[in-house]
């Protein structure tokens, strides 16, 4: 998933966390990077510029020499440079703009460049910016020309329902042109059941999607999770990893999740810390569902310290640990290596959010 940070505070796989950076901050830990045909080489040192023929790299911003206004001006110039590169380059594959201080105004020219570039992007990482709904609508328009996009990371952009729905509608339209996104993260975007319903519809339409991030959307009501879990229970669902941390599933949502797990055969990893799945009632339902589903491939269920601190809950939790271990996985803080995404952008150097 959008695991841009590693290490620090535990080894479990994490989403981008922390507030989105603002362009008015004194120092923005940003690395605006576009990686070309050799992503592995470009990732080897995220602070070195890529070669002229293969990519574009803008160094880390700092407001030390001129305050907030100067920092924003520098960011504008860097965006202009990136736009100029995109509009002529046909070799760009990965665009990593994580925590770059991009708001709707700054993203506007970049969205035009993404729409016009002769390159077909495979990865677009916009985690931890402040696009909000306006920027999301600009992104939705730009995505219409990026039919080969496989990874779209939008965690923590305050897009709200209308922004995320606009993006999802664009992604759905792209399916007719052969677009098949494999990884999507819209966690931390102030969503409600309205957008979650659109996510479920998209998941039903795009059966190629294997990784979905919905963490930290606590305004979604327990009953609003029903459409998503209904899709998860369908035979054609190909989702292998689902992130639900810091949501409020409640008893109703936990029951819906357990019902989906009773029939799902694609899911391999479920990240659910602080979501309500750690209660005794929820653990009991999940255990019963997985015991009944002998075809389940769930090998990683992450609950961290959110398990209810009672003897019965701990006993059920240990049974879940044994069950997933017997299927080659685990319940606990550390995902198997196959579940980790290689860190890209400045996060590799930061070692965390």
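Computed values, structure above
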item	result
Leading residue by the ranking (surrounded by the most Cβ atoms within 10 Å (Cβ to Cβ)) among those in region 208-235 that are out of contact with any helix residue (DSSP H, G or I) (no Cβ under 8 Å at 6 or more places or on another chain) and within 16 Å of residue 296 (Cα to Cα)	210
Residue tally, condition modelled with pLDDT of 90 or more, within 17 Å of residue 271 (Cα to Cα) and buried (at least 20 other Cβ atoms within 10 Å of the Cβ), over region 303-316	1
Candidate set: region 146-176, residues that are at pLDDT below 95 and part of a loop (DSSP other than H, G, I, E, B); chosen: the one nearest to residue 112 (Cα to Cα)	147
Selection from region 126-145 of residues that are surrounded by 22 or more Cβ atoms within 10 Å (Cβ to Cβ) and either at positive phi or in a loop (DSSP other than H, G, I, E, B) (or both)	126, 127, 128, 129, 131
Identity of the residue in region 324-348, in a helix (DSSP H, G or I) and modelled with pLDDT of 65 or more, that ends up surrounded by the most Cβ atoms within 10 Å (Cβ to Cβ)	324
Among (1) at pLDDT 95 or above; (2) touching a helix residue (DSSP H, G or I) at 6+ places or on another chain (Cβ under 6 Å); (3) more than 14 Å from residue 214 (Cβ to Cβ), the one test that residue 250 misses	(1)
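Condition check ((1) at pLDDT 85 or above; (2) over 24 Å from residue 156 (Cα atoms)) across all residues:
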residue: 37; (1), (2): no, yes
residue: 45; (1), (2): no, yes
residue: 55; (1), (2): no, yes
residue: 82; (1), (2): yes, no
residue: 92; (1), (2): yes, yes
residue: 111; (1), (2): yes, no
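The values are calculated or read from the model by the stated rules, or taken from the named source; none is laboratory data. Worth saying up front: this structure is predicted, and the values here are computed from it rather than measured. A quick note on method: Cβ atoms are made from the backbone with ideal geometry, for glycine too, and the neighbour counts reach across all protein chains shown.
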